[in-house]
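Trainee: The following block contains the structure, expressed as structure tokens.
The values are calculated or read from the model by the stated rules, or taken from the named source; none is laboratory data. In this text the structure is predicted, and so the values were computed from the model without any measurement. Every residue, glycine as well, gets a Cβ built from its backbone with ideal geometry; the counts of neighbours run over all protein chains shown. The area values use the complete protein model at the heavy-atom level, side chains included, leaving out ligands, DNA and RNA. Shrake-Rupley method; radii C 1.70, N 1.55, O 1.52, S 1.80 Å.
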Amino acid sequence: MDINYILEKYEPLIYYHIHKMNLWKQFPAYRDDMLQEGRMAIWKAFETYKDKDNVGAYINTTIRNALYD
């Protein structure tokens, strides 16, 4: 799998977690930073997870953890 495909496929999860945690309203000045942090989490998950075909759940968890931190 290609990393660009992975980024496009899982980027909606970034928005999901940002809205779920209500971060858009709490920190409106940091929206671009939150999106970039989520993208970096996707990249990290893709690079570190062994089974590239079943990486979705790990990406979800990694995005959530990155945004909480």
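Trainee: When both residues are 6+ apart or on different chains and their Cβ atoms are under 6 Å apart, which pairs have a first residue that lies in segment 26-53 and is part of a helix (DSSP H, G or I), and a second that is of a type outside the set (A, V, I, L, M)?
Mentor: A41/T62; I42/Y10; A45/Y58; A45/T62
Trainee: Please go through segment 4-30 and give me each residue that is more than 16 Å from D69 (Cβ to Cβ) and either of a type in the set (S, T, N, Q) or over 13 Å from the mean Cα position of the chain (by Cα) (or both), ordered by number.
Mentor: Matches in segment 4-30: N4, Y5, N22, W24, K25, P28, A29.
Trainee: Which of the residues that make up segment 32-50 are basic (K, R) and open to solvent by less than 100 Å² (accessible area, probe 1.4 Å)?
Mentor: Of everything in segment 32-50, just one residue is basic (K, R) and open to solvent by less than 100 Å² (accessible area, probe 1.4 Å), namely R39.
Trainee: Can you name the condition, by its number, that D53 falls short on among (1) open to solvent by 70 Å² or more (accessible area, probe 1.4 Å); (2) more than 8 Å from the chain's Cα centre (by Cα); (3) modelled with pLDDT of 90 or more?
Mentor: Result: D53 fails condition (3) only.
Trainee: Among the residues of segment 13-31, write down those that are under 16 Å from I59 (Cβ atoms) and either charged (D, E, K, R) or open to solvent by 80 Å² or more (accessible area, probe 1.4 Å) (or both).
Mentor: Matches in segment 13-31: Y15, Y16, K20.
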